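In what follows, a single structure is set out as structure tokens and then discussed.
The values are calculated or read from the model by the stated rules, or taken from the named source; none is laboratory data. Source: prediction; values computed, not measured. So basically every Cβ, Gly included, is an ideal-geometry build from the backbone, and we count neighbours across all protein chains shown.
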Amino acid sequence: MRSPTIALLWEIWRRHWSTVAVIGGLTVVGRLVDVLESRRNAGAESSPLTTLLAMVAFLLLVAVFNYTESGGVRGVGQFPRRLFTLPVTSLHLVAVPMLAGITSIELLYLLWMEPLSRDGSARAPFVAILLAAFVVFYLCALWTLERAGSLRLVMLGVIAIAVFAIGILPSFPPNPPPWWRLEIALAGLVAGLAVIAFLLAWRHVARLRDGGGRSAHRAGSLFNWIVEATPTRRTAFANPAAAHFWFEWRSSGMVLPALVGGVLLVVVIPMSWLMRSNAGDTFRLLLAALAAPVVLAVPVGIAFSKPTFWSEDLAVPAFVAALPLSSEDLVATKVRVAAMSAVLSWLVVLVLLTVWLSSWGNLDALSLLALQLWAFHGQSVAAVYGIAVLVAFAGMFLTWRFLVSRLWSGLSGRRPLFVASVVAIVVLVIAGLVFDADRLPGWLLDDPARLAPVVWIAAIAVIAKYWIAAYAWRVVTPRYLRVYLLIWLAGTASFLAFGIVVWGVVRIYLPVDVDRLRSLVILVALLAVPLARVGLAPASLTHNRHRS
Amino acid sequence: MPETVAAVSHLTRSFGAKKALNEVSLSVPKGAVFGLVGENGAGKSTLIKHLLGLWRAETGSVRVFGLDPVSDTVAVLGRIGYLSEEPDLPGWMRVGELLRYTQAFYPRWDTAYAEQLRDRFALDPEARIKTLSKGQRARLGLLAAEAHRPDLLILDEPSSGLDPIVRRDILEAIIRSVTDEGRTVLFSSHLLDEVDRVSDHLAMLHRGTLRFCAPLEDIKARHRRISLHFERPPAEPPNVSAAIRVDGAGREWTVICDAGRIHAAALAQHLGATLVEDTAASLDEIFVAHAAH
Amino acid sequence: MQLVERLKHSIATGAIKAGEQLPSVRKMAEDLLINPNTVVRAYRDLESEGIVELRHGSGVFVRESVEARADVMRKAEPIMRSALDRLESLDLREDEIRRVMENELGLRRAAKEARKRRA
């Protein structure tokens with residue numbers, strides 16, 4: 001190796017050469033597919049398949065530039081500490097992966113430029129700048145947030161979504177966009193932020209290397225101070241289950257409420273102030289706020305499903321495995337913590353909503369809806385309040401559901417299974433974005449006949465779900481079964497009630513086959529609460545705990 | 001027949017092609033201090049994890065208190081105190097909280113005893129575990145394992161990397177446990193002087209196979225070191241078929257062997273050498289001799 | 001073995017007097033950090049050599065007759081002192097003196113065993 005730069009670059013290449021090969025393969029295949037498609041329907045937009053392949057290729061490239069090594073405090077990847085003893089400056093160590101990442105992503109974009117920019121939605125230089133900035137943000141977040149454990153992934157997701165949103169912002173109506181939505185302005189903003197991110201990352205790595213000095217401890221100490229403020233448990237525990245509940249709650253229970261509170265305070269509340277004049281926007285923001293716990297429960301649920309929340313390790317830690325606590329109790333504790341977490345998150349939402357709506361909230365759209373509901377349900381105010389309560393309950397159950405549904409795969413200790421179940425979600429989300437999922441209800445409701453196969457599929461899914469559930473719950477003790485069955489009943493009942501209410505409101509607006517739609521709503525409600533997966537979780541954990 | 005607290009029979013465990021445990025059968029008598037020795041990677045931790053149910057037996061059986069630790073997890077673990085090699089105690093917990101938490105699981109927890117030990121080990125109840133040094137963490141783990149006076153105290157390489165003062169605390173805990181009626185201690189170590197001091201039963205694993213398992217006294221009585229002096233240096237190492245290890249160079253040769261099978265004077269005569277010494281082999285020598293092949 | 005030697009030495013020099021009780025097995029084991037069985041064996045060895053006696057229910061006590069031993073030990077000290085003075089005048093080092101002594105003791109031991117076998 002001639003120089004340190006080449007050595008560092010070679011290291012990145014050597015570690016990920018198989019992934020690079022796959023990216024290359026995908027690019028070749030994608031371009032081929034695209035050429036064939038454009039032969040068939042010349043001049044049309046690039047097909048969804050091509051877009052999907054492009055997305056996967058870019059995702060893989062981002063994975064290649066995951067410039068971390070395991071061994072961190074929380075068992076997650078951190079900046080490779082072993083590089084610190086090499087005779088290279090910190091600037092060098094930080095710049096090499098960043099510049100390599102930027103170069104690679106631009107190269108990949110060049111290769112894919114033709115198919116991707118055919119629809120003319122965004123101009124190439126703008127996209128190029130966004131991609132380069134994303135690499136910088138990504139690496140910066142990866143290195144500076146290592147103490148956040150597996151929640152770093154959430155941050156990365158947020159960054160990705162933010163960059164994507166900025167990318168499509170210029171094309172939003174109304175056209176022509178105001179000065180701040182011009183491509184040039186946004187590009188400038190993003191580039192500026194990227195420079196700041198680079199400097200932050202450089203400073204952080206340099207600090208890591210030389211241990212920081214007094215100020216380093218002061219910065220971390222705010223976080224520490226918050227952590228230290230947690231009250232010490234001073235009373236004895238009534239029984240093992242209560243003790244373990246305290247343990248799990250302290251480890252991971254407050255994460256979802258804190259995240260929800262954070263998102264609402266930092267994003268929703270300021271935006272609500274900005275949008276207070278527009279009723280429609282306020283209503284949409286309200287819906288977003290209500291959806292926040294549910295959406296955030298998905299990534300938190302992924303972390304929650306592992307035996308240790310903060311570590312990426314799927315093995316049961318010896319400390320827990322050696323406790324005289326049955327696997328069922330361990331799973332039951334996690335389910336209870338999830339419930340508490342969900343309830344607390346919704347309390348946060350409701351409190352903040354109350355503050356917002358009663359102070360500066362634009363209640364026009366909301367009042368209109370309430371009026372319609374009041375009129376529809378025989379002019380009873382109680383019905384309106386009842387619906388509001390149902391919404392809250394359904395939301396809580398949905399949040400809880402997302403926290404708990406991955407327990408089966410996370411506790412199993414089998415990495416392929418866990419990764420597959422996570423990838424399934426990611427693919428679903430990507431596919432939803434790519435194939436424009438919000439056109440789906442319109443497409444379905446346009447032609448009522450399209451609803452029939454969907455209803456049939458749902459019906460078969462329900463039958464399969466309950467059959468698998470009966471099988472899964474055979475080996476679980478009756479006490480656990482009884483408790484969970486009650487929870488399941490409550491959840492399903494609330495979903496059913498909510499579904500029926502929603503259907504009741506919706507049907508006056510839509511010219512569809514109401515019976516079919518009602519059946520669909522009922523079936524979906526029956527599918528919503530996880531049954532088999534929670535029943536299988538103890539067996540999964542037992543298998544992980546007593547490894548064979 | 002003394003009661004056995006733990007019994008392992010024909011236990012095998014492979015990791016891929018490598019056999020971590022190969023048809024291991026041993027039993028731990030009640031009230032014993034059972035030492036488990038072997039090189040790194042010999043299978044000691046794996047065997048211990050089988051006793052705790054952290055590994056499921058591939059072949060053979062594992063019984064602790066007569067129960068299978070995999071199917072009767074709670075019943076077995078409720079009577080065991082375990083200190084692992086790297087105690088992975090949660091860093092965010094405070095010392096006092098950990099004790100209160102652990103107390104909830106073991107009905108026989110003796111609060112006064114726990115308090116006494118905590119004071120003795122100088123553990124601040126408000127300190128967070130992640131601020132404790134390695135030695136303090138080991139002490140805390142030992143406290144949590146001991147305070148409920150378990151019927152079986154299992155220590156997996158408890159002294160590894162610890163200073164002599166902490167090692168003393170661990171040895172004290174071992175002795176204290178066994179002088180308490182009916183309690184048993186099983187510990188694995190490669191610090192042979194400690195094993196020599198406190199154990200009364202010894203088992204040695206080498207590359208997954210059990211080399212010997214017997215009361216310590218018997219093992220020491222059985223193994224002898226025979227030193228021979230040859231007038232003319234033999235061309236090749238003397239061939240002593242029943243010896244465990246033959247070592248030396250030139251005129252001086254040492255044979256470590258099982259005393260029941262070799263008569264020293266006869267051997268010397270047979271090989272044409274003078275018998276310089278015939279003494280009991282030290283535990284170190286026994287260990288090295290068995291680990292050599 | 002070590003513990004027996006230490007106890008014998010303590011008794012012989014008078015650190016533990018005749019009629020005094022030796023520490024309990026449990027205390028001895030905990031203080032020295034050795035297995036209680038080792039202590040039990042040491043006490044039994046001492047008993048078989050007649051140095052201590054086991055009194056049921058009370059413990060292990062040093063025999064009265066041991067007192068005589070301490071006197072003998074005290075008489076031995078001046079003899080040893082003069083022998084060492086003479087050896088040092090021969091310009092022998094400490095380890096050499098020790099080797100000579102071990103050799104002599106070994107020869108005497110072997111002779112004793114030979115006589116025992118012949119008898």
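Does residue B:275 satisfy the criteria of being within 14 Å of chain C (Cβ to nearest Cβ), hydrophobic (A, V, I, L, M, F, W, C) and over 30 Å from residue B:198 (Cβ atoms)? So residue B:275 passes the test.
Only one of (1) assigned to a loop (DSSP other than H, G, I, E, B); (2) modelled with pLDDT of 90 or more fails for residue A:105. Which number is that? Only one criterion in (1) assigned to a loop (DSSP other than H, G, I, E, B); (2) modelled with pLDDT of 90 or more is unmet by residue A:105, namely (1). Between B:265, B:289, B:221, the distinction of being assigned to a helix (DSSP H, G or I), loosely packed, with under 14 Cβ neighbours inside 10 Å and touching a residue at least 24 places away in the same chain (Cβ under 8 Å) belongs to B:221 only.
Taking residue B:200 as the residue in question, decide whether it is touching a Pro at 6+ places or on another chain (Cβ under 9 Å), over 30 Å from residue B:15 (Cα atoms) and not assigned by TED's automatic domain parsing to the domain that holds residue B:187. Considered against the rule, which asks whether it is touching a Pro at 6+ places or on another chain (Cβ under 9 Å), over 30 Å from residue B:15 (Cα atoms) and not assigned by TED's automatic domain parsing to the domain that holds residue B:187, residue B:200 comes out as no.
Of all residues in the stretch A:352-384, those satisfying the criterion of being aromatic (Phe, Trp, Tyr) and within 27 Å of residue A:271 (Cβ to Cβ) are A:356, A:360. Residue B:93 meets each of the listed conditions (1) hydrophobic (A, V, I, L, M, F, W, C); (2) buried (at least 20 other Cβ atoms within 10 Å of the Cβ); (3) over 21 Å from the mean Cα position of the chain (by Cα); (4) at the interface with chain A (Cβ under 7 Å from one of its Cβ atoms) apart from (4). For the stretch B:96-121, what are the residues that are hydrophobic (A, V, I, L, M, F, W, C) and either within 25 Å of residue B:8 (Cα to Cα) or more than 8 Å from chain A (Cβ to nearest Cβ) (or both)? Scanning the stretch B:96-121 gives B:98, B:99, B:109, B:112, B:114, B:117, B:121.
The residue that is surrounded by the fewest Cβ atoms within 10 Å (Cβ to Cβ), among those in the stretch B:68-90 that are closer than 22 Å to residue B:162 by Cα and at the interface with another protein chain (Cβ under 8 Å from one of its Cβ atoms), is B:88. Testing residue A:249 on (1) away from chain B (no Cβ under 14 Å); (2) closer than 24 Å to residue A:154 by Cβ; (3) assigned to a helix (DSSP H, G or I), one condition comes back false. Which one is that? The number of the failed condition is (1). Only one entry in C:53, C:88 is away from chain B (no Cβ under 14 Å), in contact with a helix residue (DSSP H, G or I) (Cβ under 9 Å, 6 or more places away or on another chain) and either in a helix (DSSP H, G or I) or touching a residue at least 60 places away in the same chain (Cβ under 8 Å) (or both), namely C:88. Of all residue pairs spaced 6 or more apart or on separate chains, those with beta-carbon atoms under 7 Å, a first member in the stretch A:190-205 that is more than 18 Å from residue A:84 (Cβ to Cβ) and in the same structural domain as residue A:127 (by TED's automatic domain parsing) and a second member that is assigned to a helix (DSSP H, G or I) and of a type in the set (Ser, Thr, Tyr) are A:200/A:144. Of the helices (runs of 4 or more DSSP H) contained entirely in the stretch A:346-427, those carrying at least 3 residues that are surrounded by 19 or more Cβ atoms within 10 Å (Cβ to Cβ) fall at A:381-404, A:407-410. Restricting attention to the stretch A:248-295 and to residues that are of a type in the set (Lys, Arg) and more than 30 Å from residue A:323 (Cβ to Cβ), the residue that is modelled with the highest pLDDT turns out to be A:284. Which residue pairs have Cβ atoms closer than 8 Å, lie 6 or more positions apart in sequence or on different chains, and pair a first residue in the stretch A:323-348 that is in contact (Cβ under 8 Å) with a residue 24 or more places away in the chain and within 14 Å of chain B (Cβ to nearest Cβ) with a second residue that is among the hydroxyl-bearing types (Ser, Thr, Tyr) and outside any helix (DSSP H, G or I)? Final answer for the pair search is A:324/B:106; A:328/A:477.
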